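Taking it in order: structure first as structure tokens, then the write-up.
Since every read-out is calculated from the coordinates, none of them should be taken as a lab result. Everything quoted here is computed from the prediction, not taken from an experiment. We place every Cβ from the backbone using ideal geometry, glycine too, and count neighbours over all the protein chains shown.
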Amino acid sequence: MISATDQALIKRVQTLQCQDSFSVLVERHQSDLRYSLRQMTNWDEGLADDLSQETFLKAYQSIKTFKGSAKFSSWLYRIAYNLMISHFRVARNREVTGVEILDDTPSSQTRTETSQQDLHRDLARAMKVLPATQRMALHLNLHRELTHSEISDIMEIPLGTVKTAINRGKITLRQNLAGWNSEETR
Amino acid sequence: MSKPINLDDLFKQARQKEPYYGGKDFVSRVAVDIDRRKKLSKTKETMITGSAAIIGAAMTYAYFPLGMILQQVPTSFVINPMTVLMAAGITSISCGFAYWLAEDKSL
């Protein structure tokens, strides 16, 4: 079952409600999703993992609606993005940006990690000032290397909006990272 | 003046150094959560069915015209000779028909 394709596993979950097959899917996609959500939440590991868990739960509950026209990972990102937006709204954020609820010091962790992890944290910290749309679009485009069209499908926004979000996001991110030395992380 | 940052390079670096999160604990947490929600929905279903049954029973008890039906049940019978003759006739015909059916070899 481990070597089965996503499509085959999804079919088994849809027809037989096979939870083992779904667990294989979770195992396969959890790391990417958890990392992406860490980037989206200013490296708040607790929040990122909670959102990831909720994403997989929602995916299991609504797997019958998955038609297979998009990649399973894209479908997961769509669910995760919607959950993240809802979370920020529930947190009574005035804007949809999610900026206000993101604390400057991510979670309660100490910075004892290696410099490799600092690169990821610094990126997450630099991205936190971006509105959620720009943050997600930028991450999917630059980190996950998805096309504008795929991002448009995931975020359910027009292609033009995706392009604008990415361009604006890049400008802001460059400003935020000005003076940041990437050599330090190596 | 500092050199403008190359975002493509930076993200490429992040991509290459992206940590892998072990999934065993996470997968079991998701599985437990799915089971918990399933149980929750079964409990919910039972509660809804139970509540509907109680409401239905209460409404039936309140509105069912039991008294009116009981009132319509006759409390006495009057048997006259004609009734006895009619009952005897119907019984004889039924018995005769049953005997004929039993004896008729063509059936």
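Values for this structure:
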{"read-out": "Spread of Cα-to-Cα distances over 10 Å intervals beginning at zero, given as percent, for segment B:50-107", "value": "17, 19, 17, 16, 20, 12"}
{"read-out": "Chain B - Rg over Rh from alpha carbon coordinates, Kirkwood radius", "value": "1.66"}
{"read-out": "CD proxy at 222 nm, helix term only [per DSSP H run n ≥ 4: -39500 (n - 2.57); per residue of the protein assembly as shown; nearest 500]", "value": "-22000 deg cm²/dmol"}
{"read-out": "nm² value of the averaged projected area, convex hull over the Cα atoms of the protein assembly as shown", "value": "32.1 nm²"}
{"read-out": "Estimated FRET transfer efficiency when R0 is 25 angstrom, pair residue B:52-residue A:64 (beta carbons, to 0.05)", "value": "0.40"}
